[in-house]
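Worksheet: one structure, shown below.
Every number here is computed from the coordinates shown, using simple stated rules; none is lab data. For clarity, every value in this text was computed on a predicted model and none was experimentally measured. Cβ placement follows ideal geometry from the backbone for every residue including glycine, while neighbour counts extend to all protein chains displayed.
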Amino acid sequence: MLMPEKYTFIFVALNLLILFFFMKKFLFKPVTEFMENRKNSIEQALKDADQAKLEAAESRKNYEEQIKKIREESDKLLNEARIKATREYDEIIVNAKKDALVIVEKGRQDVERERAEMLRQVRQQIAALAITAATKVVQANMDTESNKSMVDKFIDEAGAA
């Protein structure tokens, strides 16, 4: 028995509706949920990537600021070290000049003391020579010519000694 066309249309329509509801329940709904979940995860990943990019930019900015501060600090320390080295150099030069002046003054005093000692010894020797010469002149009690020759002889003897 064949069914009339009228019933066939109804059965086909009914089968299509049942198939549509089954597909909607078991195929479209899970696929739609999967697509929605995938869309949400992609959006979340993009948001996370943007957030990570912002955090990276902030970290880079902080890093660059820290590097700048470190460079400024190192420049400051180098300048302080240079200033300190210059001060110490100047102090060393000043102290060396003072020490040199002290050494020169001490040398000058030593030379002056030795000169005075030498003059004192020369005076003593001259006085001793004069006394010795006078003693010989008085002992000999000779005439003027013999006194002169005796003094010359004594000077020659003293010069040889």
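Quick notes on this structure:
- Report summary: the helix-based calculation at 222 nm, which adds -39500 (n - 2.57) for every DSSP H run with n ≥ 4 and divides by the residues of the chain, gives -34500 deg cm²/dmol.
- With the convex hull of its Cα atoms as the shape, the chain has an orientation-averaged projected area of 24.8 nm².
- About its Cα centre, the dipole of the chain is roughly 1080 debye, where the only charges are +1 on Lys and Arg Cβ and -1 on Asp and Glu Cβ.
- Lys/Arg +1, Asp/Glu -1 at C-beta; segment 56-119 dipole; positive extreme among 56, 85, 109: 56
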